[in-house]
Amino acid sequence: MVSTDTAGWLIRILLALVVGVAALTLIRLFKGGKARRWRELRELLSRSMKRRVVLFLSVFASVVALSILAVPSQLPGGWSGPAVTAMNTAWVLLAAWAATLLLSALTGLVRWRYDMDAEDNLGAREVQTKVRILNRIITVMIWFAAAAAILMQFERFRLLGGTMLASAGVLSIVLGISAQKTFGAIIAGIQIALAHPINLDDVVIVEGEWGRIEEISFTYVLVRLWDMRRLVVPITYFTETVFQNWTKKSAEIIGSVFLQVDYATPLEPLRAELTRLCEGAGGLWNGKTCVLQVTDAGEQSMTLRAIVSAADASRAWDLRCLVREGLIKYLNGHCPECLPKRRVLLQENSGQGGEKGGAES
């Protein structure tokens, strides 16, 4: 029968082999055919984690050295117990620290694998949103478990834990009332990570403001507005309030331009000019929608609506401005008489009740 010590050594050897094989695999990947992509990943991880990994390895080496040099059984009687507690605390903190670094590395790997700078980045934004929110939640759970493990080494805290469990009913009510908003925000974050009402870099209309989702944290969402202002919104807002998400399924969008013109305006030349403007928009138009319609007929003028489509909201805005300027320029240059006019009919009564009329524009 294999002894406990032998089994422990076998487990350690197996773990060492797994780590060695993983390291060799990464080295081969870095030097493989996709060297450029793996070099990008290596640079990304190096920028984000190099200092933290070096600091962790330094602390880890120090703890290992202290474990070898200061054996608790060889210390004086009064120092043996505190030394064991201190070393156990150090190893728990190192384990939590290592788990946090591993999560950060996985998050960096996801950022490299799912690039949000791509043209069609809906899938990448969904994955990165989910990973970043879950990363924060798991990190908090890891450090909470580490703190609990450290405190449970002390007899007083174990007794306190038993007392708290005995009065769990009252405690849960107190915590539920005092931390209702905090727990609600955490639950809202989990809902956003799973249901994806918003993702990173989504275009949204919040409180009448146009902006993009820049950051999603535990308690708030940071929206970068079009003029570089930041709108800080509680995370529960996006689970309890109606808002517009322009990139939920696709970034494509249709923009509209309204013009007030005279009834004498010829529509076919104006439609041809709209098509010419869209085709010469330099990539702003996605080639799908380009329509000019009469949408209203008022007392003095009629309303034209030009609808054009673009790949995203930013291009749609620029395309709308280009179309509006181009159509106004065309009207001014080719048929200025088609611009809106105000007609006034003047009447003059003669002695015999006759009328004299005229029109003035």
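The values are calculated or read from the model by the stated rules, or taken from the named source; none is laboratory data. Predicted model, so just to flag it, every value in this text is computed and none were measured. A quick note on method: Cβ atoms are made from the backbone with ideal geometry, for glycine too, and the neighbour counts reach across all protein chains shown. Accessible surface areas use protein heavy atoms only, side chains included; no ligands, DNA or RNA. Shrake-Rupley method; radii C 1.70, N 1.55, O 1.52, S 1.80 Å.
Based on what the data block shows, is Ala281 assigned to a helix (DSSP H, G or I) and either touching a residue at least 12 places away in the same chain (Cβ under 8 Å) or farther than 14 Å from Ser256 by Cβ (or both)?
Working: assigned to a helix (DSSP H, G or I): no; either touching a residue at least 12 places away in the same chain (Cβ under 8 Å) or farther than 14 Å from Ser256 by Cβ (or both): yes.
Considered against the rule, which asks whether it is assigned to a helix (DSSP H, G or I) and either touching a residue at least 12 places away in the same chain (Cβ under 8 Å) or farther than 14 Å from Ser256 by Cβ (or both), Ala281 comes out as no.
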The residue from Gly287, Gly326 that alone is open to solvent by less than 60 Å² (accessible area, probe 1.4 Å) and within 27 Å of Lys249 (Cβ to Cβ) is Gly287
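Condition (residue is open to solvent by less than 40 Å² (accessible area, probe 1.4 Å) and of a type in the set (Ser, Thr, Tyr)) applied to the stretch 208-225: is it met by at least one residue? If you could, list the steps in order and put the result at the bottom.
First pass over the stretch 208-225, keeping only residues open to solvent by less than 40 Å² (accessible area, probe 1.4 Å): 211, 213, 216-217, 221-223, 225.
Now narrow it down to the ones that are of a type in the set (Ser, Thr, Tyr): 217.
Within the stretch 208-225, one or more residues are open to solvent by less than 40 Å² (accessible area, probe 1.4 Å) and of a type in the set (Ser, Thr, Tyr).
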Among Leu319, Leu327, Leu339, the single one that is at pLDDT 90 or above and out of contact with any Gly (no Cβ under 9 Å at 6 or more places or on another chain) is Leu327
Every listed condition ((1) open to solvent by 50 Å² or more (accessible area, probe 1.4 Å); (2) more than 17 Å from Arg125 (Cβ to Cβ)) holds for Lys248 save (2)
Any chance Leu165 is open to solvent by 90 Å² or more (accessible area, probe 1.4 Å) and either at pLDDT below 90 or under 30 Å from Arg111 (Cα atoms) (or both)
yes
Quick count over the stretch 221-249, residues being assigned to a strand (DSSP E or B), touching a residue at least 24 places away in the same chain (Cβ under 8 Å) and touching a helix residue (DSSP H, G or I) at 6+ places or on another chain (Cβ under 8 Å), is 1
* Would you mind stating whether Ala272 is of a type in the set (A, V, I, L, M, F, W, C), surrounded by fewer than 19 Cβ atoms within 10 Å (Cβ to Cβ) and touching a residue at least 60 places away in the same chain (Cβ under 8 Å)? => no
